[in-house]
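Have a look at the structure below, then the notes.
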Amino acid sequence: MPADEGDALWDAAVSAMAAVPDAPLLEVGSYCGRSTVWLGDAAERADRVLFAVDHHRGSEENQSGWEHHDRDVVDERIDKMDTLPYFRAAIHDAGLEDSVIAVVGRSPLVAAAWTSPLAFLFIDGGHGREPARQDYVGWTPHVAPGGTLAIHDVFPDPADGGRPPYEEIYLPAIQSGRFEETSATGSLRILRRT
């Protein structure tokens, strides 16, 4: 996540918490914690909690043989990605362990059990068509009225990047009439729940 997008994410989280008092923040797709640090800082300053949902095995584009694979995050014992130790180190080093709660599990399973309204939802999970669709279907109903939906890696022009976050999250959110776009920074889109 580029710094300008991280700063825009932080600003959106602060605005969302002002609009929806007492509700938590939730991030889908934490990876090694870069965006989590921005959101965790915003949550901590407001005395709120950020739930960071990730299975920590990497998305399809992170797997061996793909462009974004990082062999350094592979657990050699089981030959699978494991970003959880890197995530925990990032949260520790940022001093955010009291404001960020790691929820280790697959997004659709966690979403199905989730019951709390959210002030802020950031979706940056799996970038395949089905994972993106499941994140939209599972999580967006939990955004409280007046709350915020932030989506990363939204590329309206196919030449700029992958399509699932745009086609399976952004467009359905706008077309539902439940969300309206309030800002765009790079590939980050910020939408408000109407």
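For ARG178, the test of being within 23 Å of ASP11 (Cβ to Cβ) and buried (at least 21 other Cβ atoms within 10 Å of the Cβ) is failed. Any residue at all in region 111-119 that's under 14 Å from VAL49 (Cβ atoms) and surrounded by 20 or more Cβ atoms within 10 Å (Cβ to Cβ)? Yes; the residues of region 111-119 include at least one that is under 14 Å from VAL49 (Cβ atoms) and surrounded by 20 or more Cβ atoms within 10 Å (Cβ to Cβ). All conditions but one from (1) open to solvent by 80 Å² or more (accessible area, probe 1.4 Å); (2) hydrophobic (A, V, I, L, M, F, W, C); (3) in contact with a Cys (Cβ under 9 Å, 6 or more places away or on another chain) apply to VAL104; the one that does not is (3). Put simply, of TYR136, TYR86 the only residue that is modelled with pLDDT under 95, not acidic (Asp, Glu) and not in a loop (DSSP other than H, G, I, E, B) is TYR86. Taking the numbered list (1) in contact with a Ser or Thr (Cβ under 8 Å, 6 or more places away or on another chain); (2) open to solvent by less than 50 Å² (accessible area, probe 1.4 Å); (3) free of Cβ contacts under 8 Å to residues at least 60 places away in the same chain; (4) not small (Gly, Ala, Ser) in turn, VAL143 passes all entries but (1).
Given ARG133, ARG193, ARG129, which one is of a type in the set (Lys, Arg) and surrounded by fewer than 17 Cβ atoms within 10 Å (Cβ to Cβ)? Don't jump to the end; show me each part of the working.
On the way: ARG133 fails: surrounded by fewer than 17 Cβ atoms within 10 Å (Cβ to Cβ); ARG193 fails: surrounded by fewer than 17 Cβ atoms within 10 Å (Cβ to Cβ).
Residue meeting the stated conditions: ARG129.
Of the residues in region 5-27, none is open to solvent by 10 Å² or more (accessible area, probe 1.4 Å), closer than 18 Å to VAL154 by Cα and assigned to a loop (DSSP other than H, G, I, E, B). Suppose the filter is outside any loop (DSSP other than H, G, I, E, B), out of contact with any strand residue (DSSP E or B) (no Cβ under 6 Å at 6 or more places or on another chain) and within 19 Å of GLY33 (Cα to Cα); does ALA112 pass it? No: the conditions fail for ALA112.
The values are calculated or read from the model by the stated rules, or taken from the named source; none is laboratory data. Since the structure is predicted, the reported quantities are computational estimates derived from the model, not experimental observations. Neighbour counts run over all protein chains shown; Cβ positions are idealised from the backbone, glycine included. Please note that ligands, DNA and RNA were not included when accessible areas were found on the heavy atoms of the full protein model with its side chains. Shrake-Rupley method; radii C 1.70, N 1.55, O 1.52, S 1.80 Å.
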